[in-house]
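Novice: Here's a structure for you.
The values are calculated or read from the model by the stated rules, or taken from the named source; none is laboratory data. Everything quoted here is computed from the prediction, not taken from an experiment. Glycine gets a Cβ as well: all are built from the backbone with ideal geometry, and neighbour counts include every protein chain shown.
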Amino acid sequence: MPRWIDAKLIKTVDRSQTTRSFFLELKDLDDFGFKAGQFITMDLPIGEKRLDRWRSYSIANEPNGTNVIELVIVQVPFGKATGYLWKTVKIGDVFKIKGPAGVFYLPEKLDHDLVLICTGTGIAPFRSMIKDIFAKSKEYKHIHLIFGTRTKDGILYLEDWKKLQSQMENFTFSVALSREEYEGYQGYVHNLYLKKYKNVSPQRKFFLCGWQTMVDECKKNLLELGYADNQIIEELYG
């Protein structure tokens, strides 16, 4: 069972107007071992009860043999946790975290085409997965990351994806903006995968991560196309 660990905030980076990365250094550890795609739980001083205090966030960096992890968090209007993280917390503060946890990770053998569909900070586990594949030179067939958000300001880690597209053969990154146009497209993620993957293949797996409404609709659409339930793996936020 994961134990509680002291974690010191060592850096923050604004990723958009409403999204920020928090870098935590885990005390008394040389290497925080986790599987790309897993999450940790933070115990924040924002209430008395566990449900008030605990928040879970996916790790956004790949396992890299260090004791530093990155969490990318969106500011929730009137949210107690993000209100604290944005307005009160400062560099050097120490939190309790527990983890790693979760089973939302890729199989050891990547023998299917992978379609990774996400919105907002749901991109975090996929960044960890893809950077892990690249860093370890893992063999894979094809990876397509489809990311949805509202505006260009909200495209998280865009420079990372551009660089990885140039470095990784058979890796593509697509963006769906609901309120602006990007590279000739404006709309939701659903239109992108429905058009590209309407011809069903058993050699394809879909990983979904984001708010429940998006994930539920995506899974429903894929099942109606004829994909099998075991070709769809999901992780819900919120």
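Novice: Would you point out the residue of region 54-82, among those that are of a type in the set (A, V, I, L, M) and in contact (Cβ under 8 Å) with a residue 40 or more places away in the chain, that is surrounded by the most Cβ atoms within 10 Å (Cβ to Cβ)?
Specialist: That would be I59.
A quick yes/no check of all residues on (1) in the same structural domain as G120 (by TED's automatic domain parsing); (2) of a type in the set (D, E); (3) at pLDDT below 95:
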{"residue": "D153", "(1), (2), (3)": "yes, yes, yes"}
{"residue": "L164", "(1), (2), (3)": "yes, no, no"}
{"residue": "R179", "(1), (2), (3)": "yes, no, yes"}
{"residue": "G187", "(1), (2), (3)": "yes, no, yes"}
{"residue": "K196", "(1), (2), (3)": "yes, no, no"}
{"residue": "V200", "(1), (2), (3)": "yes, no, no"}
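Novice: Filter the strands (runs of 3 or more DSSP E) completely within region 83-179 down to those with at least 1 residues that are in contact (Cβ under 8 Å) with a residue 12 or more places away in the chain, over 30 Å from R53 (Cβ atoms) and of a type in the set (V, I, T).
Specialist: 113-119, 143-149, 171-177
Novice: Could you say whether any residue in region 45-53 is closer than 16 Å to P2 by Cα and either in contact with a strand residue (DSSP E or B) (Cβ under 9 Å, 6 or more places away or on another chain) or surrounded by 15 or more Cβ atoms within 10 Å (Cβ to Cβ) (or both)?
Specialist: No, region 45-53 has no match at all.
Novice: Any idea how many residues of region 187-238 are closer than 19 Å to S58 by Cβ, in contact with a helix residue (DSSP H, G or I) (Cβ under 8 Å, 6 or more places away or on another chain) and hydroxyl-bearing (S, T, Y)?
Specialist: The total comes to 1.
Novice: When the residues of region 150-177 are filtered to those that are among the small types (G, A, S) and over 19 Å from Q75 (Cα atoms), which remaining residue is surrounded by the most Cβ atoms within 10 Å (Cβ to Cβ)?
Specialist: Ranking the qualifying residues of region 150-177, first place goes to A176.
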